2 protein chains.
Amino acid sequence: MRLSRYFLPILRETPKEAEIVSHRLMLRAGMIRQESAGIYAWLPLGLKVLNNINRIIREEQNRAGAIECLMPTIQSADLWRESGRYDAYGKEMLRISDRHEREMLFGPTNEEMITEIFRAYVRSYKDLPLNLYHIQWKFRDEVRPRFGVMRSREFLMKDAYSFDLTAEGSRHSYNRMFVAYLRTFARMGLTAIPMAADTGPIGGNLSHEFIILADTGESEVFCHKDFLSFAPPPADVDFDSPAALEEIVGKWTSRYAATSEMHDAAAFAAVPEEAKLSARGIEVGHIFYFGTKYSEPMKAVVNGPDGKEVVVQMGSYGIGPSRLVAAIVEAFHDDAGVVWPEAVAPFHVGVADLKVGDAATGKVCADLVQQLENAGLDLLHDDRDERPGAKFATLDLIGLPWQILVGPKGLAEGRVEVKRRKTGERELLSPDEAVARVAAAVKQARA
Amino acid sequence: MRLSRYFLPILRETPKEAEIVSHRLMLRAGMIRQESAGIYAWLPLGLKVLNNINRIIREEQNRAGAIECLMPTIQSADLWRESGRYDAYGKEMLRISDRHEREMLFGPTNEEMITEIFRAYVRSYKDLPLNLYHIQWKFRDEVRPRFGVMRSREFLMKDAYSFDLTAEGSRHSYNRMFVAYLRTFARMGLTAIPMAADTGPIGGNLSHEFIILADTGESEVFCHKDFLSFAPPPADVDFDSPAALEEIVGKWTSRYAATSEMHDAAAFAAVPEEAKLSARGIEVGHIFYFGTKYSEPMKAVVNGPDGKEVVVQMGSYGIGPSRLVAAIVEAFHDDAGVVWPEAVAPFHVGVADLKVGDAATGKVCADLVQQLENAGLDLLHDDRDERPGAKFATLDLIGLPWQILVGPKGLAEGRVEVKRRKTGERELLSPDEAVARVAAAVKQARA
């Protein structure tokens, strides 16, 4: 992508309304724009990151056996009356009357609708287990939206819903998502710690929040330091094996970890002093097992092996991709800007022509672009007629993992400068070497 | 994907409420489910088609130089007061009050919001031309939603918005989208005819609807038969060349074509009798040039080359991906079900084990699945314990372009049956030949 033809509205000033670093950097880097309180437009750079996050989520949901569908944003109030949540949900629900005065709402979550879909079609235990997910915009009318897309009113959510014949089967479905979540966050470069959690308006009696540690997190959390060195589950984990998953979940729940709501001071006191970690965290995922809370009132039943009707066991599993963009910025930035992990970076590499109009730099940039594209890399080519300083600042701010800087001085010796954003390391290489260097690094990060 | 683990709720009965064939087939094939009047959930098979359509749209938008962003669904009423459309839009607009009694709405289109984004950032003519698009759910509160996703209330729309310094530049931007649309529909297997169109609530004085011919179409259309044999623009068309695009647009507007609202009986009378085509059509895209209709009241201006402020020239360009799914079914079906064009088919090929439990058919199916996946094909493996007749009917109904049928009788002679859905042609081939046959056909269709 040529930057002169792209839409990357960098802000020079730090926006005053932004209280946390991710909000500031996302505004400055031209990733998002607020359209109303807690409602954001995703500008091209922000959308690319969001899509990369969605891609990783999808791959791991599919790997764990979940199947993607897509439910609408607008729901009927009657559906929520069936579960008893219509009145209970309170003012966070955005309630709407249509032209025929029918009561509708903008879905804050989809337990009711997916249960309606399930009961409409599924009749037999033979069709279980089933896990359906979608990635769709939700709305929660927060009293005080803030922190940019970290706590917005309109937000993207991946929500999965599992259906099983037995509580034991449902536990396996829960573990599938638990393990998928560990892999999902690890692939984004995040260490997410599963913590015993309150179930709130979703309900149920088994629940984990996945929390990443960050000073600006809204939750106070307490956990064992061992979590920071646990290796995530491998790609070839057998999701069909209850024992294999139970072992992974067992390991990741073997140490103390809780948010403040669930904190047990006595249990935490038993953690060795040097292993105690008391910090702030950002919730990036939340999973629930709630048995028959929705299937019972909504009559989602199947015929069991003995021909008798069985009310199905359910769980639900949420990840917030839009919040994750902000959480990743909180975890990966420095004074100059964002430092994207390779897996979610909007472009793999930026190529900056430091003297636009110079035939030599122009030719080398064009060749580099061609070669990098041939190697399957997504790149941003800064071909704007700007000072080198402005180009360095832009590339640092938007945080692409690699920069290739092409100036007349280096070229006189046949060299371009390759800079790794994360470490600031710089190397003078020939253009061919530069392509090989970056392509190899990106390939390795993808593996 | 193993069908036993998929969610494909086939209906045996034809749903009574469905008046047109696409609605009937999409319900029967388990692609969609109505959740409220005119509001649909996309079940897994339907979502796959919708995503394939979105992919083609994105590729062609990007090729034409448009840049993807993503605006929110909920908009502020104040934004629409600026353009004067808040009161004018009428009851089709879904109006909402949030918890603080602020007036909001579910966006039916995004001219106002994109103009707000543009004016917030763009200051100079040097940043033009600019074309931003997004693919987002919209809501239009139709009095009488019907025909399934053909005329739903919540629907997906790709809408692009162009900004130019001059009317001449805006004409080029309009032509870019005109040509992109011709390519987009052609890639889906559709012949879409651009017709002079009324501009309605969007406004402006230059507009084309892209119409595909179908007996169940809502619009009455009149055109010259030559359109049916025009070749679509090639992939390497130079979108930066005004002359090249003008030539293509000139060709595609050189014959009479109009919807009933714009029909000129005298002009149509001049079309040679044997070339007259009077038919019904489905609108699948609509493009508008409206100059300064929004930029003037909303003060979207840039500094021109002479330093003076210039109000920018705008156009907008819509395609309905959710409606397109239905339109494609209207165009491609037979008595047995849908017949997907290769480019949008939910899976390229279905592999049916005709005797589940038989070691030989099971082994060959497993091998076929592996080989087809290695060849990069997306396949559905019918491993359900069902009668062959039910499997044939399911595969015909869901309309995958290719079927590989694996039964014990054929296998005794080392053969599987390859059926092409579109023609009904059947061939008895070895499993290796079957893979090669299907892979080659899919590869050709993709090219």
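Can you list the strands (runs of 3 or more DSSP E) found entirely within region B:297-347 that contain at least 2 residues being open to solvent by less than 10 Å² (accessible area, probe 1.4 Å)? Full working, then the answer.
Details: elements: B:301-303, B:309-311, B:313-319.
Per the criteria, B:313-319.
Restricting attention to region B:153-173, and to residues there that are under 28 Å from A:G107 (Cβ atoms) and of a type in the set (K, R), which single residue is farthest from the other protein chains (Cβ to nearest Cβ)?
We begin by selecting, within region B:153-173, every residue under 28 Å from A:G107 (Cβ atoms); these are B:153-161.
Next, from what is left, pick out any that are of a type in the set (K, R): B:153, B:158.
Values: B:R153: 8, B:K158: 14 Å.
The selected residue is B:K158.
Only one of B:V406, B:V369, B:V438 is among the hydrophobic types (A, V, I, L, M, F, W, C) and over 23 Å from B:P341 (Cα atoms); which?
B:V406
For (1) free of Cβ contacts under 8 Å to residues at least 40 places away in the same chain; (2) within 16 Å of the chain's Cα centre (by Cα); (3) crowded, with 21+ Cβ neighbours inside 10 Å; (4) more than 7 Å from every other protein chain (Cβ to nearest Cβ), each residue gets a yes or a no:
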residue: B:I53; (1), (2), (3), (4): no, yes, yes, yes
residue: B:I57; (1), (2), (3), (4): no, yes, yes, yes
residue: B:E60; (1), (2), (3), (4): no, yes, yes, yes
residue: B:A64; (1), (2), (3), (4): no, no, yes, yes
residue: B:D78; (1), (2), (3), (4): yes, no, no, yes
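Go through region A:375-447 and tell me which strands (runs of 3 or more DSSP E), entirely inside it, have 2 or more residues that are at pLDDT 95 or above and of a type in the set (V, I, T).
Values: elements: A:379-382, A:402-406, A:416-420, A:426-429.
Those strands (runs of 3 or more DSSP E) span A:402-406, A:416-420.
Looking at A:A258 and the list (1) touching a strand residue (DSSP E or B) at 6+ places or on another chain (Cβ under 8 Å); (2) at pLDDT 95 or above; (3) within 30 Å of A:G65 (Cα to Cα), which single condition is not satisfied?
(2)
Among the residues of region A:131-143, write down those that are closer than 21 Å to A:Q61 by Cβ, open to solvent by less than 10 Å² (accessible area, probe 1.4 Å) and at the interface with another protein chain (Cβ under 9 Å from one of its Cβ atoms).
Going through region A:131-143, the residues closer than 21 Å to A:Q61 by Cβ turn out to be A:131-138.
Still in the running and open to solvent by less than 10 Å² (accessible area, probe 1.4 Å): A:132-134, A:136, A:138.
A:L132, A:H134, A:Q136 - these are the residues of region A:131-143 that are closer than 21 Å to A:Q61 by Cβ, open to solvent by less than 10 Å² (accessible area, probe 1.4 Å) and at the interface with another protein chain (Cβ under 9 Å from one of its Cβ atoms).
So, in region B:388-418, how many residues would count as being open to solvent by 20 Å² or more (accessible area, probe 1.4 Å) and of a type outside the set (G, A, S)?
Result for region B:388-418: 9.
Take the residues in region B:87-106 that are modelled with pLDDT of 95 or more and in contact with a helix residue (DSSP H, G or I) (Cβ under 7 Å, 6 or more places away or on another chain); name whichever of them is most open to solvent (accessible area, probe 1.4 Å).
By that ranking, first place goes to B:E103.
Considering only residues that are of a type in the set (A, V, I, L, M) and in contact with a His (Cβ under 8 Å, 6 or more places away or on another chain), look in region B:373-394 and name the one that is nearest to B:D358 (Cα to Cα).
B:L379
Condition check: in contact with a His (Cβ under 8 Å, 6 or more places away or on another chain) and free of Cβ contacts under 8 Å to residues at least 24 places away in the same chain. Does A:V351 satisfy that? Show your work before the answer.
Numbers: in contact with a His (Cβ under 8 Å, 6 or more places away or on another chain): yes; free of Cβ contacts under 8 Å to residues at least 24 places away in the same chain: no.
No.
Quick check: is even one residue across region B:144-152 in contact with a His (Cβ under 9 Å, 6 or more places away or on another chain), within 13 Å of B:A37 (Cα to Cα) and at the interface with chain A (Cβ under 9 Å from one of its Cβ atoms)?
No; the residues of region B:144-152 include none that is in contact with a His (Cβ under 9 Å, 6 or more places away or on another chain), within 13 Å of B:A37 (Cα to Cα) and at the interface with chain A (Cβ under 9 Å from one of its Cβ atoms).
Just checking: which of the strands (runs of 3 or more DSSP E) contained wholly in region A:180-270 hold 1 or more residues that are open to solvent by 60 Å² or more (accessible area, probe 1.4 Å) and more than 30 Å from A:E296 (Cβ to Cβ)? Spell out how you get there, then give the answer.
Working: elements: A:192-196, A:206-213, A:219-224, A:257-259.
By residue number, A:219-224.
Between a residue in region B:279-302 that is without any contact (Cβ under 8 Å) to a residue 12 or more places away in the chain and over 12 Å from B:G204 (Cβ atoms) and any residue that is open to solvent by less than 10 Å² (accessible area, probe 1.4 Å) and part of a loop (DSSP other than H, G, I, E, B), which pairs come within a Cβ distance under 9 Å, given they are 6 or more apart or on different chains?
The qualifying pairs do not exist here.
Regarding B:L45, is this residue closer than 20 Å to B:D396 by Cβ, within 11 Å of another protein chain (Cβ to nearest Cβ), open to solvent by less than 50 Å² (accessible area, probe 1.4 Å) and touching a residue at least 24 places away in the same chain (Cβ under 8 Å)? Walk me through it before giving the result.
Numbers: closer than 20 Å to B:D396 by Cβ: yes; within 11 Å of another protein chain (Cβ to nearest Cβ): yes; open to solvent by less than 50 Å² (accessible area, probe 1.4 Å): yes; touching a residue at least 24 places away in the same chain (Cβ under 8 Å): yes.
It is true that B:L45 is closer than 20 Å to B:D396 by Cβ, within 11 Å of another protein chain (Cβ to nearest Cβ), open to solvent by less than 50 Å² (accessible area, probe 1.4 Å) and touching a residue at least 24 places away in the same chain (Cβ under 8 Å).
Answer with yes or no whether A:R28 is charged (D, E, K, R), at the interface with another protein chain (Cβ under 10 Å from one of its Cβ atoms), over 18 Å from the mean Cα position of the chain (by Cα) and surrounded by fewer than 21 Cβ atoms within 10 Å (Cβ to Cβ). Outline the logic, then answer.
Numbers: charged (D, E, K, R): yes; at the interface with another protein chain (Cβ under 10 Å from one of its Cβ atoms): no; over 18 Å from the mean Cα position of the chain (by Cα): yes; surrounded by fewer than 21 Cβ atoms within 10 Å (Cβ to Cβ): yes.
Judged against the criteria, A:R28 is not a match.
Could you tell me which of the residues A:S322, A:S316 is within 25 Å of A:R85 (Cα to Cα) and at pLDDT 95 or above?
Numbers: A:S322 fails: within 25 Å of A:R85 (Cα to Cα).
None of the others qualify; the one that does is A:S316.
Which one is surrounded by the fewest Cβ atoms within 10 Å (Cβ to Cβ), of the residues in region A:354-374 that are touching an Asp or Glu at 6+ places or on another chain (Cβ under 7 Å) and part of a helix (DSSP H, G or I)?
A:G362
Among the residues of region B:108-122, is any at negative phi, more than 11 Å from chain A (Cβ to nearest Cβ) and without any contact (Cβ under 8 Å) to a residue 40 or more places away in the chain?
yes
Any chance you could count how many residues in region A:14-25 are at pLDDT 95 or above and either at the interface with chain B (Cβ under 10 Å from one of its Cβ atoms) or more than 24 Å from A:F185 (Cα to Cα) (or both)?
0
Mind counting the residues in region B:8-22 that are open to solvent by 10 Å² or more (accessible area, probe 1.4 Å) and under 20 Å from B:L395 (Cα atoms)?
Qualifying residue count, region B:8-22: 9.
Inspect region B:87-103 for any residue being within 11 Å of chain A (Cβ to nearest Cβ) and closer than 24 Å to A:N51 by Cα and give the result as yes or no. Reasoning before the result, please.
Let us first name the residues in region B:87-103 that are within 11 Å of chain A (Cβ to nearest Cβ), namely B:90-100, B:102-103.
Keeping just the survivors that are closer than 24 Å to A:N51 by Cα gives none.
Within region B:87-103, none of the residues are within 11 Å of chain A (Cβ to nearest Cβ) and closer than 24 Å to A:N51 by Cα.
The values are calculated or read from the model by the stated rules, or taken from the named source; none is laboratory data. None of these values were measured; they are calculated from a predicted model. Ideal geometry is used to build each Cβ from the backbone, glycine not excepted, and the neighbour counts take in all protein chains shown. Each accessible area value is taken on the protein alone, full model and side chains, heavy atoms only, with ligands, DNA and RNA left out. Shrake-Rupley method; radii C 1.70, N 1.55, O 1.52, S 1.80 Å.
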